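Asker: Would you mind keeping the following structure in view while I ask a few things?
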Amino acid sequence: MNELLATGPFDLYELQLFHFVAEHRNFTKAGRAAGLTQSAITRQIAGMETRLGVALFERTTRSVHLTPAGAALYARSGAILSNVGEAIKSLREKFELGPSTLRIGVARTISLAYLPGFFKKFQRLRPDVQLHVTHQSSAFIQGAVESGELDCGFITASPVLSANLLIAHRFSDEFIAIAPPSFPALTTKPISPLQLAKIFENQKWLSISPETNTGKYLRAWLQREGIRAKIGMESDNFDLLINLVSLGFGVSLVPHRALALHPSTRPVRRIIVKPKFTRELLVITRRQINAPKVIGEFTNSILF
């Protein structure tokens with residue numbers, strides 16, 4: 001133990017920074033999450049690598065990826081951070097060192113209109129519990145829930161879900177086509193995807209990014225239905241896309257529920273398409289023997 005204290009190549013703080021970089025795959029974003037500058041977190045990771053005598057990341061001008069050694073450290077050390085976090089949380093709850101806190105991740109492709117259904121009932125039931133909410137990609141949230149850095153996550157269904165994760169809740173999310181208010185009025189009856197392709201033939205599409213799970217599924221659906229979309233703009237945020245459509249930048253397919261948050265001052269034309277594009281949203285938690293009661297209270301209070 002004395003040798004470890006004297007020669008240990010990193011501490012828990014540096015290990016957490018390493019996880020931030022591994023999950024964000026970007027030093028600037030990782031630094032932002034940790035409250036550090038890009039140069040500061042770069043120095044911390046470089047110091048770890050020097051003391052370990054091995055590179056943890058492969059760096060290029062455009063990307064950051066784990067080396068085999070980095071991947072091995074990431075896989076084995078997540079449980080360490082999780083166990084420390086649970087120990088601190090248990091101490092706080094047992095000895096009343098402060099209010100309980102739930103760390104929640106919401107995928108960026110989930111509209112802000114969904115948040116009342118996620119949080120409102122729980123806040124009435126447990127006003128003593130603090131909620132720490134982060135807005136990240138579904139992939140980041142999966143990794144953070146699995147490692148214990150988040151208690152719960154709202155994500156788009158993934159083709160592969162780790163065996164260390166539990167699906168606490170799932171629900172379908174139907175999409176609708178939208179166009180600017182200046183777009184010619186159409187029938188209120190549902191139209192087919194091929195009819196939509198004809199109507200939107202010369203329009204620029206505002207699309208959810210293909211790097212997201214939703215983007216991948218939506219592109220596959222458009223292709224199956226014979227819709228050749230002229231992509232004019234991409235984003236990982238549906239609220240932004242809806243506002244841009246209302247301003248006349250193009251047309252889009254968006255979650256029907258997301259329009260509930262859209263103000264009447266910025267209307268859009270709504271076009272029902274059948275068969276509909278539908279994605280599945282999941283509420284995930286980490287698989288553990290003695291899960292904190294408050295996590296179950298939270299997932300059971302979700303209104304979808």
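None of the figures in this text is laboratory data; all of them are computed from the coordinates on show. Predicted, not measured: the structure shown is a model, and the values here were computed from it. Cβ atoms come from the backbone with ideal geometry, glycine included; neighbour counts cover every protein chain shown.
Asker: Rounded, prolate or oblate for the stretch 238-282? Axes are the square roots of the Cα gyration tensor eigenvalues, ordered a ≥ b ≥ c, and the cut-off for rounded is a/c under 1.5.
Answerer: Since a/c reaches 1.5 and a/b is larger than b/c, the shape of the stretch 238-282 is classed as prolate.
Asker: Give the label of the value calculated from the structure for Cα extents along the principal axes in Å, choosing from [x] 59, 47, 37; [y] 77, 48, 34; [z] 62, 43, 33.
Answerer: [y]
Asker: Under 1.5 on a/c is rounded, so check that first for the stretch 143-279, then, if it is not, pick prolate when a/b is larger than b/c and oblate when it is not; a ≥ b ≥ c are the square roots of the alpha carbon gyration tensor eigenvalues.
Answerer: Details: a/c = 2.15, a/b = 1.78, b/c = 1.21.
Prolate is the answer for the stretch 143-279, as a/c is 1.5 or above and a/b outweighs b/c.
Asker: Also, quick follow-up: Which lysines, on any chain, are close to Lys120 with Cα under 24 Å apart, when same-chain ones fewer than 8 places away are left out?
Answerer: Lys89, Lys293
Asker: Find how many whole Å separate the alpha carbon centroid of the stretch 170-197 from the alpha carbon centroid of the stretch 250-299.
Answerer: Here the answer is 17 Å between Cα centres.
Asker: Give me Glu297, Glu211, Glu146 sorted ascending by neighbouring Cβ count inside 10 Å, so fewest comes first.
Answerer: On the way: Glu297 14, Glu211 11, Glu146 21.
Ordered by Cβ neighbours within 10 Å, fewest first: Glu211, Glu297, Glu146.
Asker: Additional query: Lys121: which aspartates and glutamates have alpha carbons under 12 Å from its alpha carbon, excluding same-chain residues fewer than 8 sequence positions away?
Answerer: Those aspartates and glutamates meeting the cut-off are Glu297.
Asker: Just to be sure I understand the model, the point goes 7 Å from the Cα along the line to the Cβ. What's the resulting Ala71 to Leu12 distance in nm?
Answerer: So the label points at Ala71 and Leu12 sit 2.9 nm apart.
Asker: Can you sort Glu86, Glu23 by how many other beta carbons sit within 10 Å, fewest first? If you can, show how the numbers build up before the last one.
Answerer: Details: Glu86 16, Glu23 23.
Placing the least packed residue first, the sequence is Glu86, Glu23.
Asker: Just from its helices, what would the mean residue ellipticity at 222 nm be for the chain, if runs of 4 or more DSSP H residues each count -39500 (n - 2.57) and the sum is divided by every residue, rounded to the nearest 500 deg cm²/dmol?
Answerer: Details: 11 runs with 126 residues, N = 304.
Helices in the chain give a 222 nm mean residue ellipticity of -12500 deg cm²/dmol.
Asker: Spin-label point model (7 Å from Cα, Cβ direction): what's the Leu161 to Leu247 distance in nm?
Answerer: Taking the simple label geometry, Leu161 and Leu247 are separated by 3.6 nm.
Asker: Taking the alpha-carbon distance from Lys198 and a cut-off under 27 Å, which lysines remain once sequence neighbours fewer than 8 residues away in the same chain are dropped?
Answerer: Within reach: Lys189, Lys216, Lys230, Lys274, Lys276.
Asker: Still on this model: Put +1 on the Cβ of every Lys and Arg and -1 on every Asp and Glu Cβ in the chain; which of Gln223, Ser235, Val129 then has its Cα farthest towards the positive end of the dipole?
Answerer: Gln223
Asker: With the convex hull built on the Cα atoms of the stretch 2-73, state its orientation-averaged projected area in nm². If you can, show how the numbers build up before the last one.
Answerer: Details: hull surface 19.0 nm².
The directionally averaged projection comes out at 4.7 nm².
Asker: What does the highest-first list of 48-54, 193-199 look like by mean Cβ count within 10 Å?
Answerer: Numbers: 48-54: 14.1, 193-199: 15.7.
Answer by packing, highest mean first, reads 193-199, 48-54.
Asker: Report, for the chain, the % of DSSP beta bridges that are antiparallel, rounded to 5.
Answerer: On the way: 24 of 41 bridges.
If we restrict to bridges inside the chain, about 60 percent are antiparallel.
Asker: Could you give the size of the charge dipole of the chain about its Cα centre, using +1 on the Cβ of each K and R and -1 on the Cβ of each D and E, expressed in debye and rounded to the nearest 20? If you can, show how the numbers build up before the last one.
Answerer: Working: 36 positive and 23 negative charges, 242 e Å.
Its charge dipole is roughly 1160 debye.
Asker: Can you pull the one-decimal nm distance between simple spin-label points at Ser100 and Arg32, each 7 Å off the Cα toward Cβ?
Answerer: 3.2
Asker: For the stretch 220-304, which trypsin sites (Lys or Arg not before Pro) are in a loop by DSSP, counting at most 13 other Cβ atoms within 10 Å? Can you show the working numbers first?
Answerer: Details: sites: Arg224, Arg228, Lys230, Arg257, Arg269, Arg270, Lys276, Arg279, Arg286, Arg287, Lys293; in loops: Arg228, Lys276, Arg287.
Sites meeting the loop and neighbour criteria: Arg228, Arg287.
Asker: In what sequence do Asp236, Asp173, Asp11 fall when counting other Cβ within 10 Å, fewest first?
Answerer: Working: Asp236 18, Asp173 21, Asp11 9.
In increasing order of surrounding Cβ atoms, one gets Asp11, Asp236, Asp173.
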